[in-house]
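Engineer: Take this structure, written in structure tokens, and hold onto it; I'll ask about it next.
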Amino acid sequence: QDRGQRSQGNFLMAECGIQTLANVQMLPFALKFCSGTTLSTLRTAASMFSEAIPESSLLWSELLSESSAFLHDDKTSTMQKAQRLSAAVERCKLQREDADAADAPIERPPVNKSQRYRLIVTGARGSGISSLVQLMARRDELKSHQGKDMSLMNFSAELNNQKLSISAVDKRSTAIVTPFSAALYNGHSAALFVFDASCMEDSLNKAAWCIAELKQTVGPNKFRLMPKLLVCHKADLLPKESPQKLLRQLPAICEALLTSYGMDLVFTSREDPGSVDLAVALAAEHWPETGPDDASRKFPTISRQQLRPTRTVVRRNTVVNSQPRRPANILEELRARVPRVE
């Protein structure tokens, strides 16, 4: 009789337990061993699991809250968002450049610029762009890159079981834009616009300026095709909450940028290298591409109206002579060099 009651209790637990667990908040400890891909595989294993873990299950929301990314897409369900995050992370594996591999041959980017892969990391100075690029490339801080408006660092990544050489461009908002700046974006490029969690208002305005500058440089067609992410770096300064709750605490311009340009938001920090890996995985979500980048061939030309105006100042005592005459003595040289005050 005891054995019969025990087997009946196990049956009721199998019938009710799965449905109950699927509609309540799971322990964070259990969620660490679960992913969107794992739950999707579980749903296809048996009809019982498919009914127990529907698209509206709280399990998907819990998975998203444990992530460091906010996917700004109202047309997809929480289940599809969790599956997308899990698939992006699993197909992207970054490789560290170890000292032991220094003697190994370095894989160079392709000569054809239309087939190269680049991550453009840009934003305000002091927002942590350099540290973000170093975390992507798995390298220590390089003193040769300090103080520069633009620098480049190559690293390898395995995307969808294919090894690629990727160039991460550290580009500050103070970098001078010239008519040749569009050449930086030749090939398959993705842009990460970084703002600082310690001074969000100012750095978000600088990030918005970088977005507008990129659109003008590459043109609307290339800009529309480029993967774009908004990155909140130094997120360890923020409260430890879900990305959905953190977004409500950010300035209104943040959500306006996400809505206007269809971007996702990733919270990164030096203390959480996995968050940086997630940002790279989302930016390279559709890499490798099957063909060359054709959008770069139709970059807009810079017109005369778009060039910065120059101001020419002509002084009274300025003498233009195609054949300069050597001063006869020191007094005449002083008169030529020192402007006359009347």
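Engineer: Where a ≥ b ≥ c are the square roots of the eigenvalues of the C-alpha gyration tensor, would you call region 204-266 rounded, which needs a/c under 1.5, or, failing that, prolate if a/b is larger than b/c, or oblate? Please list the in-between numbers first.
Structural biologist: Working: a/c = 2.44, a/b = 2.22, b/c = 1.10.
The shape class here is prolate.
Engineer: Given Lys206/Lys228; Lys75/Lys215; Lys171/Lys222; Lys222/Lys245, which pairs have Cα atoms separated by over 22 Å? Walk me through the numbers on the way to the answer.
Structural biologist: Details: Lys206/Lys228 16 Å; Lys75/Lys215 25 Å; Lys171/Lys222 19 Å; Lys222/Lys245 33 Å.
Beyond 22 Å between Cα atoms: Lys75/Lys215; Lys222/Lys245.
The numbers here are math on the coordinates, done by the rules we state, and not lab data. The shown structure was predicted, so the numbers you read here are calculated from the model rather than taken from an experiment.
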